[in-house]
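Here is the structure we will look at, set down as structure tokens.
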Amino acid sequence: MLKTDILNAPLLSALATLGHTDTVVIADCGLPIPTGPILIDLALVRGTPSFSDILEVLSRNLVIESSTLASEARGTGVQEICVEQGLNANFISHEQLKAHLPKAKVVVRTGEVTPYANVILHCGVDF
């Protein structure tokens with residue numbers, strides 16, 4: 001048995017496929033998800049699970065080299081949540097962020113309804 005706090009088997013399986021330079025997107029419930037990335041849809045109802053909940057868990061379980069937020073999230077609670085998790089985000093427009101989605105390896109959809117509560121996590125290595 002694995003020693004991890006992640007109980008969702010599809011999420012754990014998808015995370016196990018990640019390597020250096022792969023990207024994981026944490027998405028709010030309104031972000032259009034393209035065909036291609038592994039989609040882990042955790043949305044249950046509006047607000048559950050939250051962007052913050054998922055970012056906290058993934059931050060504990062992934063090596064994150066960098067992160068990217070939409071410039072529209074600059075100075076908002078979304079950026080504050082990222083800073084609390086030790087992420088110093090780069091910024092691109094929301095349209096550019098959506099254009100990066102097909103290149104993501106994994107997209108985790110939350111129940112979050114806060115505007116621009118989306119982040120691209122760029123995987124690093126632990127050595």
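The values are calculated or read from the model by the stated rules, or taken from the named source; none is laboratory data. This one's a predicted model, so the numbers in the text were calculated from it and none came from an experiment. All Cβ positions, glycine included, derive from the backbone under ideal geometry; neighbour counts span all protein chains shown. Surface accessibility is based on the protein's heavy atoms, side chains included, excluding ligands, DNA and RNA. Shrake-Rupley method; radii C 1.70, N 1.55, O 1.52, S 1.80 Å.
Among beta bridges from DSSP that stay inside the chain, the antiparallel ones total about 50%.
What percentage of the solvent-accessible surface of the chain, computed with a 1.4 Å probe over protein heavy atoms, is contributed by carbon and sulfur atoms?
Working: 3680 of 6840 Å².
Carbon and sulfur atoms account for 54 percent of the accessible area of the chain.
Entry comment: accessible area of the chain is 54 Å² per residue, from protein heavy atoms only and a probe of 1.4 Å. Shape call for the stretch 20-85 from the C-alpha gyration tensor, a ≥ b ≥ c root eigenvalues: rounded (a/c under 1.5), prolate (a/b greater than b/c) or oblate? Note, shape of the stretch 20-85 comes out rounded. Of the chymotrypsin sites (Phe, Trp or Tyr not before Pro) found in the stretch 34-123, not one falls in a DSSP loop while having at most 11 other beta-carbon atoms within 10 Å.
Determine the shape class of the chain: with a ≥ b ≥ c the square roots of the Cα gyration tensor eigenvalues, call it rounded for a/c under 1.5, and otherwise prolate if a/b is greater than b/c, oblate otherwise. Could the numbers behind the result be given before it?
On the way: a/c = 1.33, a/b = 1.22, b/c = 1.09.
In terms of gyration-tensor shape, rounded.
Accessible area per residue was computed with a 1.4 Å probe on protein heavy atoms; Val57 scores about 40 Å². Taking 7 Å steps out from each Cα toward its Cβ at Ile33 and Asn8 produces label points 0.8 nm apart.
Suppose only helical runs count, i.e. DSSP H with n ≥ 4. What mean residue ellipticity at 222 nm does that imply for the chain under -39500 (n - 2.57) per run, divided by all residues and rounded to the nearest 500 deg cm²/dmol?
Counting only the DSSP helices, I get -7500 deg cm²/dmol.
Legend: calculated FRET efficiency, Leu44 to Ser71, from the Cβ-Cβ distance at R0 = 22 Å, rounded to 0.05, equals 0.15.
Place a label point 7 angstrom from the Cα of Asp126 along the Cα-to-Cβ direction, then list the residues of the stretch 14-46 whose backbone nitrogen is under 19 Å away. Answer for this model: 14-24.
Distance between the C-alpha centres of the stretch 80-127 and the stretch 1-40: 12 Å, rounded to the whole angstrom.
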